[in-house]
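None of the figures in this text is laboratory data; all of them are computed from the coordinates on show. As the structure is a prediction and not an experimental result, all values here were calculated from the model. Don't worry about glycine lacking a Cβ; one is built from the backbone with ideal geometry, like all the others, and counts go over all protein chains shown.
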Number of protein chains: 2
Amino acid sequence: MAKSLGRHLISELYDCDEEILNDVQQIEYLMKKAAIESGATIVTSTFHRFLPHGVSGAIIVSESHLAIHTWPEYNYASLDIYTCGDSVDPWKAFYYLKDALNSKRQESQEFKRGVFSTIGIPENSLHKVEVS
Amino acid sequence: MAKSLGRHLISELYDCDEEILNDVQQIEYLMKKAAIESGATIVTSTFHRFLPHGVSGAIIVSESHLAIHTWPEYNYASLDIYTCGDSVDPWKAFYYLKDALNSKRQESQEFKRGVFSTIGIPENSLHKVEVS
């Protein structure tokens with residue numbers, strides 16, 4: 001299997017709880033919990049509530065990022081979970097959020113980002129490492 | 001063609017300028033310029049420089065988000081440009097950044113996010129709109 005720097009999970013969460021999707025504090029809390037759940041280390045984050053409805057937010061983690069956009073009026077959230085390194089599992093964040101948002105139906109695709117052979121680096125190259 | 005809330009461009013930028021990829025202020029500036037270039041409105045952003053090298057950052061725009069992770073040591077950057085609505089063109093941000101980072105080789109895939117028929121909403125449903 002081709003080695004890559006990152007794994008990127010693109011998820012569509014349908015039939016979610018409208019009230020949670022519209023609550024920026026709750027979404028920020030759940031996204032941060034999901035990041036931790038996956039094994040990631042939070043570096044910085046930004047969340048915004050739109051009017052009349054909807055929340056957008058992103059968390060930079062040492063191992064890449066998580067991002068969400070919600071459409072409460074359609075009970076829909078689009079979710080990105082992008083992680084690097086072997087110590088983090090993006091699916092753990094996905095399962096946590098699917099439950100937390102009460103999503104009844106989901107679609108997910110996982111992509112490799114930064115495939116070593118395509119970049120042109122040896123298979124034993126290092127992932128990005130936070131040292132301070 | 002199936003209507004969707006968003007368009008998500010996933011791009012791999014290879015053979016980029018190492019120095020630019022490692023300059024957090026420059027990356028933040030170029031990402032913001034790219035967002036504006038695409039027609040998006042910047043809401044909030046966060047960027048971080050990793051040690052010993054690399055930059056990660058995300059910009060929340062009214063029309064969704066842009067995110068980047070750079071590996072200067074591999075001359076590689078992974079780029080996400082996710083836009084909603086008809087007034088924004090994610091490809092304009094892509095072309096701007098590919099040139100700005102001096103990338104000699106790229107791979108891009110465009111995905112639909114939040115397909116109306118899969119969410120279960122009418123084809124004439126509205127995108128998220130910022131009203132304040």
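Check off (1) more than 26 Å from A:Leu126 (Cβ to Cβ); (2) within 14 Å of chain A (Cβ to nearest Cβ); (3) touching an Asp or Glu at 6+ places or on another chain (Cβ under 9 Å); (4) surrounded by fewer than 18 Cβ atoms within 10 Å (Cβ to Cβ) for B:Ile119 and give me the number that stays unchecked.
(4)
Take B:Asn75 and decide whether it is over 26 Å from A:Val55 (Cβ atoms), of a type outside the set (Gly, Ala, Ser) and crowded, with 20+ Cβ neighbours inside 10 Å.
yes
Test of understanding: among A:Lys104, A:Lys98, which residue is surrounded by 20 or more Cβ atoms within 10 Å (Cβ to Cβ) and out of contact with any helix residue (DSSP H, G or I) (no Cβ under 8 Å at 6 or more places or on another chain)?
A:Lys98
Can you tell me which residue within the stretch B:18-28, out of those that are touching a Ser or Thr at 6+ places or on another chain (Cβ under 8 Å) and either within 22 Å of A:Val115 (Cβ to Cβ) or not charged (D, E, K, R) (or both), is surrounded by the most Cβ atoms within 10 Å (Cβ to Cβ)?
From the stretch B:18-28, those touching a Ser or Thr at 6+ places or on another chain (Cβ under 8 Å) are B:21-22, B:27-28; that's our starting set.
So of that shortlist, the ones also either within 22 Å of A:Val115 (Cβ to Cβ) or not charged (D, E, K, R) (or both) come out as B:21-22, B:27.
On the way: B:Leu21: 27, B:Asn22: 19, B:Ile27: 25.
Among those that are touching a Ser or Thr at 6+ places or on another chain (Cβ under 8 Å) and either within 22 Å of A:Val115 (Cβ to Cβ) or not charged (D, E, K, R) (or both), it is B:Leu21.
Please enumerate the residues belonging to the stretch B:60-92 that are under 15 Å from A:Leu66 (Cβ atoms) and of a type in the set (A, V, I, L, M). Even if it seems obvious, please write down each step before you answer.
So in the stretch B:60-92, the residues under 15 Å from A:Leu66 (Cβ atoms) come out as B:60, B:64-69, B:78, B:80, B:82.
Matches in the stretch B:60-92: B:Ile60, B:Leu66, B:Ala67, B:Ile68.
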